[in-house]
Amino acid sequence: MFTQFKNIDTAFSHIKRFSIFLIIACMLISCFAIYKGFETASRANRTVYILANGKVLEAVSADRKSNIAVELRDHIRMFHHYFFTLDPDEKVIQSNISSALNLADESAKRAYDNLREKGYFNNLISANISQEIVVDSTLLDLDDYPYGFKCYATQKLIRATSTVTRKLITSGTLRNVSRSDNNPHGFLIQRWETLDNHDEPINP
């Protein structure tokens, strides 16, 4: 009889341990399912669908700090593109310069006024010269704010009979401003200046 009680006690102990294990396993599975559910919901909230030219594009939001270097470089590239990509057409020049000045402070306006007073833009129009620029590289200083930068670019002056290539180096700082249609990155270039702008030697 004592043996029977012992067997019942052992069986009850096994069932108790199995029940505790089952409860712990269910709790772990439930916690994992809740965590994955929150993670999926959070990922879905960061996903934005954009309709562009009849196509649905997926965009994912992120903390600005995680891609600030990319935005800074693109802001600098777009400013230099608008300021230096010109055609012998007064309306094109005014449109591009206006777009560039939305991305920078009065230092860019002073540079534009100096070029205009020297007749630079009139020379482009009268000589039918197109001007293009390609940003080769951009150095950023993200340790201090406003963020410092130095831009290295290749500038081309295209005439009907020849093309002149120049190396351009500029520098300045960038500070945060509100985003807008005219300034989608939300930065403003300050203390912009040209450090070097020399013609490249023509290879024979």
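Some notes on this structure:
- Among the residues of region 170-179, just one is touching a residue at least 24 places away in the same chain (Cβ under 8 Å) and loosely packed, with under 14 Cβ neighbours inside 10 Å, namely 175.
- A single member of 46, 64 is modelled with pLDDT under 70 and touching a Gly at 6+ places or on another chain (Cβ under 9 Å), and it is 64.
- The set of residues in region 156-178 being within 16 Å of residue 76 (Cα to Cα) and part of a strand (DSSP E or B) consists of 168, 169, 170, 171, 172, 173, 174, 175, 176.
- Qualifying residue in region 115-137 (condition: of a type outside the set (Phe, Trp, Tyr), in a loop (DSSP other than H, G, I, E, B), in contact (Cβ under 8 Å) with a residue 24 or more places away in the chain and farther than 25 Å from residue 200 by Cα): no
- Among residues of region 82-96 that are free of Cβ contacts under 8 Å to residues at least 24 places away in the same chain, those with a Cβ under 8 angstrom from a residue that is of a type outside the set (S, T, N, Q), sequence gap 6+ or separate chain, pair up as 82/97; 82/100; 82/103; 92/86; 96/82; 96/83; 96/86.
- If only residues of region 147-162 that are of a type outside the set (A, V, I, L, M) and closer than 13 Å to residue 134 by Cβ are counted, the one that is surrounded by the most Cβ atoms within 10 Å (Cβ to Cβ) is 151.
- Residue in region 77-96 that is modelled with pLDDT of 95 or more, basic (Lys, Arg) and closer than 21 Å to residue 184 by Cβ present: yes
- Of the residues in region 94-104, not one is more than 21 Å from residue 76 (Cα to Cα) and either out of contact with any Pro (no Cβ under 8 Å at 6 or more places or on another chain) or not charged (D, E, K, R) (or both).
The values are calculated or read from the model by the stated rules, or taken from the named source; none is laboratory data. Everything quoted here is computed from the prediction, not taken from an experiment. Ideal geometry is used to build each Cβ from the backbone, glycine not excepted, and the neighbour counts take in all protein chains shown.
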